[in-house]
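Sharing a structure below in structure tokens format, with a few things to ask.
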Amino acid sequence: MEVALSIAADRPSMRMGTEYMLAENEMPKAWCNFLPDLPAPLPEIRDLGTPSAAEIAEKVRPKILIEQNQPDELWIDIPDPVADRLRQCGRPTPLRRALHLERQLDTPARIYFKREDCMTTGSFKLNTALAQAYYAAQEGRSLLVTETGAGQWGMSVALAATMFGLRSRVFMVRCSLDQKPYRGYFMELLGSEVHPSPSARTRIGSEVIRAHPDHPGSLGAAISEAIEDAACTPGAAYLSGSGMPHVYLHQTILGLEVKRQLAKAGEELGVDERGDHLIACAGGGSNLCGLVGPFLKDRRDGADIRLLAAESTAAPRLTAGVYQYGRSDIAEFTPEVLAYSMGKDFVPPAVHVGGLRNHHSSPIVSLLRREGILDARAFAQREALAAGRLLLETEGVLVAPEAAHAVAAAVEVALEARAASRDCVIVFLASGNGQLDLAGYHEVLGRTCT
Ligand SMILES: *Cc1c(COP(=O)(O)O)cnc(C)c1O
């Protein structure tokens, strides 16, 4: 990294390049607590079960992660061992100016994308997995237990566990494991125990199987299984890959790096009311909040930065859901939170975007939406994957189906900028790599002649 930079300094022409890098020592040293920059207080949580969700969390979650849901400070130092591992796994990641995509769309907009597809496990999830594994190890836990949908989170936990000397156990939604067995192989290669969920291993899993022997699995069931299993296993910690404020905190490294990289590119977001956009796909909201969180203060200070969530028409909570109390798991181990929701009995169609199929959004993302800070657009799978193919054709980067939704949103905004002759800046987040999702691309697009 240092070498590459000194070459760039020697050769002025390289400044015309399209990839904006940060040196290792330019990686952010602290996470940004953006909760004080939210437009309104977060609504009350309802937690009336026995035992309560808070009591369950106290048992299964590392204590510091519970504290990091409501930090006292604005900046929280990234522990050195976590920073070292983040660097090893691909941080800081590049920010690419998508010149070829711009040319193809014939847009005056300047499009940039943040390349989390470059992380070792193929997605941004490692940013929080490494932090959480480190804290669990610090507390003397020996086993990490979690659930995973499409498998990116499970892969990240498996690697982070190994790096900090821990074992891991992952409940993976059964139909996703069938669709994406390679993610399971990766976890098992690292010695992780992978259980297709629902499984007979837990009480809640057994109940689901008894009622529906062919159940394809759901995130709501897998979360319940993982929490039950962690609660019953001495030395276990339960970790979440999204939805929780401490996860968003760890992901702010994304937005903080983007800020530095935009400065290197000579861009200042939110000037001249030209309609600058930050865009990310939204499942549990962690890549979105990681990107936009550090910009909320600028927005409060008057910068005209539009925030846009790209969701799937398979679970269009932010564009068509109801703002209501609900939970993320079926056994009611988690508390009731106010958020945009499809309702607890909603069964999403079996689309390939495992990461965007949650029935209930998160309280923080929902609050941003409710208060009019966050726009949202929903995209059908075919439209999103076609945008993913366009990015591959123009920029040579194959993104995950989830991230393809962000590409689709960026393309729409860029075409609107063309229609209005606006030279705005568009930044979207490529949340993950699509190499292991090619079966999905093939099924939806590969057999057509378009
Ligand atoms: C998990 C995941 C998502 C969705 O999760 P968020 O919490 O909404 O960010 C999106 N893209 C990829 C590649 C993922 O792994």
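The values are calculated or read from the model by the stated rules, or taken from the named source; none is laboratory data. Quantities reported herein were computed from a predicted structural model and do not represent experimental measurements. No Cβ is skipped: glycine too gets one built from the backbone with ideal geometry, and neighbour counts run over all protein chains shown. Remember, those area values only see protein heavy atoms, side chains included, never the ligands or the DNA or RNA. Shrake-Rupley method; radii C 1.70, N 1.55, O 1.52, S 1.80 Å.
Scan region 127-150 for residues that are among the hydrophobic types (A, V, I, L, M, F, W, C) and modelled with pLDDT under 95 and jot them down.
Filtering region 127-150 down to residues among the hydrophobic types (A, V, I, L, M, F, W, C) leaves 129-131, 133, 136-137, 143-145, 150.
A150 - this is the single residue of region 127-150 that is among the hydrophobic types (A, V, I, L, M, F, W, C) and modelled with pLDDT under 95.
I'd like to check something: does region 100-109 contain any residue that is in contact with a Phe, Trp or Tyr (Cβ under 9 Å, 6 or more places away or on another chain), assigned to a helix (DSSP H, G or I) and crowded, with 23+ Cβ neighbours inside 10 Å?
Scanning region 100-109 turns up at least one residue that is in contact with a Phe, Trp or Tyr (Cβ under 9 Å, 6 or more places away or on another chain), assigned to a helix (DSSP H, G or I) and crowded, with 23+ Cβ neighbours inside 10 Å.
Let me ask another. Residue check: is R369 at pLDDT 95 or above, open to solvent by 10 Å² or more (accessible area, probe 1.4 Å) and within 16 Å of the ligand (Cβ to nearest atom)?
Answer is yes for this residue.
I need the full set of residues from region 46-86 which are open to solvent by 70 Å² or more (accessible area, probe 1.4 Å) and either modelled with pLDDT under 95 or assigned to a helix (DSSP H, G or I) (or both), in order please.
Scanning region 46-86 gives L48, T50, P51, E55, E58, K59, K63, E67, D80, D84.
Now, a different point. Can you tell me which residues in region 207-223 are within 18 Å of V194 (Cα to Cα) and open to solvent by 30 Å² or more (accessible area, probe 1.4 Å)?
Passing the criteria: I209, H215, P216, S218, L219.
Restricting to region 250-286, name every residue that is open to solvent by 10 Å² or more (accessible area, probe 1.4 Å) and either in a helix (DSSP H, G or I) or over 20 Å from I373 (Cα atoms) (or both).
Across region 250-286, the qualifying residues are L256, K259, R260, A263, K264, A265, G266, E267.
Only residues in region 292-311 that are over 16 Å from K259 (Cα atoms) count as the first member; pair them with residues that are at pLDDT below 95 and not charged (D, E, K, R), Cβ under 7 angstrom, at least 6 apart or cross-chain, and list the lot.
E311/L356
Please indicate, with yes or no, whether at least one residue in region 305-327 is under 19 Å from the mean Cα position of the chain (by Cα), outside any loop (DSSP other than H, G, I, E, B) and aromatic (F, W, Y).
no
Considering A265, A231, A237, which residue is more than 16 Å from the ligand (Cβ to nearest atom), in contact (Cβ under 8 Å) with a residue 12 or more places away in the chain, touching a Lys or Arg at 6+ places or on another chain (Cβ under 7 Å) and under 19 Å from N127 (Cβ atoms)?
Working: A265 fails: under 19 Å from N127 (Cβ atoms); A231 fails: under 19 Å from N127 (Cβ atoms).
Selected residue: A237, the only one of A265, A231, A237 that is more than 16 Å from the ligand (Cβ to nearest atom), in contact (Cβ under 8 Å) with a residue 12 or more places away in the chain, touching a Lys or Arg at 6+ places or on another chain (Cβ under 7 Å) and under 19 Å from N127 (Cβ atoms).
Then there is this: State which residue pairs qualify: first residue among the small types (G, A, S) and inside region 408-426, second residue open to solvent by 70 Å² or more (accessible area, probe 1.4 Å) in any location, beta carbons under 6 Å apart, and separation of 6 or more residues or different chains.
A408/E383
Can you find, within region 244-279, the residue that is farthest from N358 (Cα to Cα) among those that are in contact with a Phe, Trp or Tyr (Cβ under 7 Å, 6 or more places away or on another chain) and β-branched (V, I, T)?
Once the filter is applied, the top-ranked residue is I253.
Turning to a different aspect of this structure: Among the residues of region 342-360, are any more than 13 Å from T313 (Cα to Cα), acidic (D, E) and touching a strand residue (DSSP E or B) at 6+ places or on another chain (Cβ under 8 Å)?
Within region 342-360, none of the residues are more than 13 Å from T313 (Cα to Cα), acidic (D, E) and touching a strand residue (DSSP E or B) at 6+ places or on another chain (Cβ under 8 Å).
While we're looking at this one, here's another question. I'm told D423 meets every condition in (1) in contact with a Lys or Arg (Cβ under 7 Å, 6 or more places away or on another chain); (2) surrounded by 20 or more Cβ atoms within 10 Å (Cβ to Cβ) except one. Can you identify the failing condition by its number?
(2)
If a residue has to be closer than 25 Å to S218 by Cβ and either among the small types (G, A, S) or open to solvent by 10 Å² or more (accessible area, probe 1.4 Å) (or both) to count, how many in region 125-149 make the cut? Lay out the reasoning, then the answer.
Residues of region 125-149 closer than 25 Å to S218 by Cβ: 125-126, 128-129, 132, 143-149.
Still in the running and either among the small types (G, A, S) or open to solvent by 10 Å² or more (accessible area, probe 1.4 Å) (or both): 125, 129, 147, 149.
Final tally of qualifying residues: 4.
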